[in-house]
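Only the coordinates and a few stated rules stand behind these numbers; no lab work does. Keep in mind it's a predicted model, so treat the numbers as computed, not measured. Don't worry about glycine lacking a Cβ; one is built from the backbone with ideal geometry, like all the others, and counts go over all protein chains shown.
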Amino acid sequence: MFGDKSSSPSSFSSTFVLAIVPSSSGRGLGGHGLAFTLSPSKQFPGAEAGHYMGIFNSENDESPSNHIFAVEFDTVNGHNDRADSDGNHVGVNLNSMYSNVSRSAYRFIGNTDQTEDMVLESGDPIQAWIEYDGKFVNVTISPLNISKPSKPLISNPIDLTHIVQTTMYAGFSASTGQKTSSHYILGWSFSTNGTAPMLDISKLPTAPAREKDGSSYDRRVIALIAALSTVTVLLLGILIYFTLYKRNVGSESLEDWELDCPHRFRYKDLHAATKGFKQSEIIGVGGFAVVYKGVLPTTGTEVAVKKITQTQSSIHGLKEFVAEIESLGRLRHKNLVYLQGWCKRKNDLLLIYDYIPNGSLYSLLFDQRQAFVLSWEQRFNIIKGIADGLLYLHEEWELVVVHRDVKSSNVLIDADMNARLGDFGLARLYDHGTDWHTTNVVGTIGYIAPELARNGKASTSSDVFAYGYCSSKSFRGESRSIRGTSSWWIG
């Protein structure tokens, strides 16, 4: 489908008509939705239902080996998908049910900026268009018999180089959970390197109508329901009392500014994961934080838990940083450290990242206890990975991210010796095309660009300067002490 595996993915286009008919009346009473997929196999072995939509399971979700591109039409909110905008949205996914980008379902009216909300599980047929030109993916939806809107619902840069294989299969997958729905594809066309053929709407079948809820109850049943409802209210009142007045030590509270941030972990799970934040689990210490290695008790996943203790003088700045977590938590690139979620308890803010086993580039270069020396090939691959990560932050994501603290100690090396840029505590977000703001000069001596020291304006250029300094240190070698003398080792 995409030719030679080493070449860039070709373009493709698809249009189809879908209908999601819930078994019960009312919004939010259906199953988990439907997804269009591109995958290297006709089947998804071990796939689970519910929010995995019959594509992934709890073990392979987010695995790079999946090689799956999906556009989900999701009718359920949550289930650890931190990018879900609501229970009626469209999302673009790569190798995971975590959406790279997600939008509530609506269409643009004609050639205007006016929009009209759409309900995916209304039972009414909806036409969708998915178009990829090798750089951008556009997703557009509209009710059937209404012409394609001039503006797409989603238009996002995306790189499928590491997703597509020589042979890929296009298709659909859907699932239900505690509630059920019927999912229909009433018509479909698909094309590579061109526009998908138009559908003949007049020849499409109609989706079955929603079943009507129509059971009658006699007076005895109604009386029984009323009695049970009274008992339920009493029990609920008792439960609320004990919840409010008998809280345990590990309880947590939410503030207004926290509600829109990505996935929140429970403090007691992080406490158990780090063995009570035991000193032996510390893997890093900074000026304002301590980083612990942990194993989540619910999944067995290894994570890095960064614990920041805020003082009264830092509360305002810390809230600004937490406000940015919602956006930074959506950064998805193979050369960035993923922010899995966060937790707040009293004066402590905890950020949960992927655990990177090989530590930082700085430790590999300068720690005399390291047992091996990086080869030239490994060094080149590492600095190329840092460059790929910065390119994504500066040009390929929906906002411009200025990192402001690119240095070897903030570059982590994974099990495959690939670079992962992390620590976004000083990062700033800008719209594309806007001017840089004057800020306090922050960073590490040697990595700070001369113009940043003069005008106080951190920019993508100052990030590139820091990257250049980091690269030069990577190729220059690492200082090792041998028999009391200092020498430079080059791999």
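Which log10 I(q)/I(0) values does segment 361-480 give at q = 0.11 Å⁻¹ under the Debye formula, counting every alpha carbon as one identical point scatterer? Debye curve over Cα of segment 361-480, log10 I(q)/I(0) at q = 0.11 Å⁻¹: -0.37. Taking a ≥ b ≥ c as the square roots of the Cα gyration tensor eigenvalues, with a/c under 1.5 meaning rounded and otherwise prolate when a/b beats b/c, else oblate, which class fits segment 418-472? It comes out oblate by the Cα gyration axes.
Computed with the Debye formula from one identical point scatterer per Cα of segment 103-219, without solvent, the log10 of I(q)/I(0) at q = 0.15, 0.17, 0.19 Å⁻¹ comes to -0.88, -1.09, -1.29.
Here the spin labels are modelled as points 7 Å beyond Cα on the Cα-Cβ line, and at E451 and K179 they lie 5.4 nm apart.
Given +1 at the Cβ of Lys and Arg, -1 at the Cβ of Asp and Glu and no other charges, the dipole of segment 123-213 around its Cα centre is 120 debye to the nearest 20. Neighbours of N95 by Cβ distance under 12 Å: Lys/Arg scored +1, Asp/Glu scored -1, total 0. The alpha carbon radius of gyration of segment 12-203, expressed as a multiple of 2.2 N^0.38 Å, is 0.96.
Each of the peptides 40-49, 146-155, 413-422 was scored by the mean count of other Cβ atoms within 10 Å over its residues; in descending order, highest first, they stand as 413-422, 146-155, 40-49.
For K407, a cut-off of 24 angstrom between C-alpha atoms picks up these lysines, skipping any fewer than 8 places away in its own chain: K293, K306, K307, K334, K384, K457, K473.
Oblate is the label for segment 334-414, because the ratio a/c of its alpha-carbon gyration tensor axes (a ≥ b ≥ c) is 1.5 or higher and a/b is not greater than b/c. Once you reduce segment 419-437 and segment 162-211 to the center of their Cα atoms, the two points are 38 Å from each other.
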